[in-house]
Amino acid sequence: MWWHTGNEHGAFAARGVHGQTIYIDPKAEMVLVRFASYPVAANGANDPTSLPAYHAVAKYLLTKP
């Protein structure tokens with residue numbers, strides 16, 4: 001399934017079980033792919049750390065020339 005983050009970059013993600021993710025940030029022109037086997041199948045278990053980390057990488061990329 002595809003999920004919209006609602007953040008200021010208009011990022012969205014395809015998300016699977018156990019933390020697998022394709023995170024797309026159009027503003028930063030970034031595609032992040034995460035292969036994972038997190039012990040808990042629900043994304044809610046790793047979202048509090050993963051989603052802010054992906055957004056932080058995108059913001060960092062926007063500061064580079």
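The values are calculated or read from the model by the stated rules, or taken from the named source; none is laboratory data. The structure displayed is predicted, hence computed values, not measured ones. Glycine gets a Cβ as well: all are built from the backbone with ideal geometry, and neighbour counts include every protein chain shown.
Structure notes:
- A search for C-beta distances below 6 Å between a residue of region 36-57 that is farther than 15 Å from Y23 by Cβ and among the hydrophobic types (A, V, I, L, M, F, W, C) and any residue that is surrounded by 10 or more Cβ atoms within 10 Å (Cβ to Cβ) and modelled with pLDDT of 85 or more, counting only pairs 6+ apart in sequence or on different chains, returns A41/V17; A41/H18.
- Summed over region 22-41, residues that are closer than 11 Å to Y54 by Cα and charged (D, E, K, R) total 2.
- Residue in region 9-50 that is surrounded by the fewest Cβ atoms within 10 Å (Cβ to Cβ), counting only those that are at pLDDT 85 or above and in contact with a Lys or Arg (Cβ under 6 Å, 6 or more places away or on another chain): H9
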